[in-house]
1. Restricting the first residue to region 142-170 and requiring it to be closer than 13 Å to T256 by Cα and free of Cβ contacts under 8 Å to residues at least 60 places away in the same chain, which pairs with a second residue that is among the aliphatic types (A, V, I, L, M) and assigned to a helix (DSSP H, G or I) meet a Cβ separation below 8 Å and a spacing of at least six or different chains?
2. Scan (1) free of Cβ contacts under 8 Å to residues at least 12 places away in the same chain; (2) surrounded by 24 or more Cβ atoms within 10 Å (Cβ to Cβ); (3) among the polar types (S, T, N, Q) for the single condition S47 breaks and write down its number.
3. Considering each of F366, F393, F354 in turn, give the residue that is surrounded by fewer than 24 Cβ atoms within 10 Å (Cβ to Cβ) and in contact with a helix residue (DSSP H, G or I) (Cβ under 6 Å, 6 or more places away or on another chain).
4. Output the residues belonging to region 50-75 that are buried (at least 24 other Cβ atoms within 10 Å of the Cβ), in contact (Cβ under 8 Å) with a residue 60 or more places away in the chain and under 22 Å from I168 (Cβ atoms).
5. Take the residues in region 356-409 that are among the hydroxyl-bearing types (S, T, Y) and over 18 Å from L229 (Cβ atoms), then tell me which one is farthest from the chain's Cα centre (by Cα).
6. Is region 272-279 home to any residue that is under 24 Å from V334 (Cα atoms), among the basic types (K, R), more than 17 Å from the chain's Cα centre (by Cα) and crowded, with 16+ Cβ neighbours inside 10 Å?
7. Tell me, yes or no, whether region 235-253 has at least one residue that is modelled with pLDDT of 85 or more, surrounded by fewer than 19 Cβ atoms within 10 Å (Cβ to Cβ), assigned to a helix (DSSP H, G or I) and of a type in the set (A, V, I, L, M).
8. Those residues that are within 11 Å of P377 (Cβ to Cβ) and of a type in the set (A, V, I, L, M), I need them from region 301-316; list them, please.
Amino acid sequence: MRPKNIIIGMLSAQVLTLLGFASYAVTLTTLQNEWDLSNFQSGLIASTFFLGYIGFVSLATVLTDRLDARRVYLVGVSIEFIGLIGVGFLTNGFYSALFFMFCIGAGVAGTYMPGLKILTDRVKTGELTRYISFYTAFFGVGVGLSYLISGIILKTFNWHYVFGIIAIGPLLAGTIVYFYIQPLADKKWQGNVYFKLKDILPLHRWKLVWKNQESSTYILGYVAHSIELFASRSWLVAFFMICSTHASESFILNGTESAGLINFFGVPASIIGNEIAIRMGRKKWVYFSMILSAIFGVCLSLSIGHGWWFIMAFAIFHSIFIMADSATLTAGLVTSTSDQLKGAAMGLHSMLGFGGGFLGPSLFGFVLDLSGGQQQPIAWIWAYVSIVIWGCFFVIYQLLRKKRMIDLV
């Protein structure tokens with residue numbers, strides 16, 4: 001099968017599995033009112049998606065070292081489908097929402113990194129980091145479409161159908177992978193696969209990955225990146241809704257449309273960012289992107305009360321620089337890890353990164369509550385500061401570590 005066809009198939013499947021990513025963010029305010037949730041509870045439901053991801057991603061990625069990642073992928077889309085249907089039609093409040101959001105996250109864990117493994121196992125020609133950058137960048141395409149499609153469904157029907165209709169996405173993704181992506185000849189099904197604790201928590205393999213200073217640097221950077229990225233994505237629609245209530249003139253696009261448009265800017269930012277990093281140096285580009293992302297994040301929080309164009313400008317630049325180092329961090333990990341440890345490394349990278357995703361939305365909501373609630377502009381400033389500061393900490397830590405190494409020499 002030609003590499004181009006494999007890439008197109010996996011990019012299409014990835015977009016379909018991510019259509020449910022922003023469904024909760026779009027319906028957050030509606031569900032908050034219907035279920036009488038605090039900002040912290042609302043953020044915790046969003047965070048539980050990432051907890052589900054963390055709970056399944058290690059097993060899913062380690063298994064891709066032992067059998068064809070295509071099979072893991074098909075299990076993932078099935079779990080995601082159950083989670084989306086559950087939120088849409090079986091959930092009646094905070095606790096049941098936690099369970100089914102956990103399932104959605106677990107399902108995505110069975111598709112995102114295993115999908116990348118499907119691609120890297122089958123494509124052996126060309127510049128691999130470019131294929132990786134396209135794959136990671138298309139995460140933004142899926143998220144952007146998730147905002148837009150979820151918003152259209154919510155406006156046309158109600159929040160139940162947002163999750164119910166979106167559930168078709170992972171089914172279509174599974175269909176593409178099952179019929180379009182050919183199984184690997186050297187990883188055919190050999191009967192039962194026995195699970196051991198070390199499959200779920202491969203501590204020895206993780207230790208080997210972590211001992212590689214290059215790998216651990218990119219993993220730490222991905223954690224800081226994910227705290228900011230996923231908190232911003234979870235609360236962006238609510239932020240635009242608050243901005244519209246404080247504005248003196250009506251907005252050109254509503255909250256979901258604005259959030260969806262913003263996410264599309266992250267796609268070329270990730271791809272172009274990887275190209276710049278190849279020439280400039282990956283670490284230098286990561287540091288530069290994280291500092292600018294923090295600056296624009298704070299500027300965005302200060303924009304409440306201004307016009308739509310003013311707010312959108314800062315939101316777009318914030319999105320661009322959040323995503324500018326995304327592909328670079330993942331490509332850096334893949335290229336700095338041996339082939340024998342790639343699956344475990346991807347699992348640790350993804351698990352800790354999405355651990356940051358678990359922390360981000362709930363931290364954002366907690367700081368909102370602590371600072372006076374959604375109606376207070378100052379609360380949004382502190383909430384944004386609480387998520388952008390981690391990238392700054394990472395840059396400072398890495399520069400100090402580099403200085404210590406130079407002094408030792």
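The values are calculated or read from the model by the stated rules, or taken from the named source; none is laboratory data. A quick note: this is a predicted structure, and the numbers were derived from the prediction, not measured. Neighbour counts are summed over all protein chains in view; Cβ atoms, including those assigned to glycine, are modelled from backbone coordinates with ideal geometry.
1. The qualifying pairs are I153/V162; I153/I165; I153/I166.
2. Result: S47 passes all but (1).
3. F366
4. Y53, Y73
5. Filtering region 356-409 for residues that are among the hydroxyl-bearing types (S, T, Y) and over 18 Å from L229 (Cβ atoms), the one farthest from the chain's Cα centre (by Cα) comes out as S371.
6. no
7. Yes, because at least one residue in region 235-253 is modelled with pLDDT of 85 or more, surrounded by fewer than 19 Cβ atoms within 10 Å (Cβ to Cβ), assigned to a helix (DSSP H, G or I) and of a type in the set (A, V, I, L, M).
8. Those that are within 11 Å of P377 (Cβ to Cβ) and of a type in the set (A, V, I, L, M): L302, I304.
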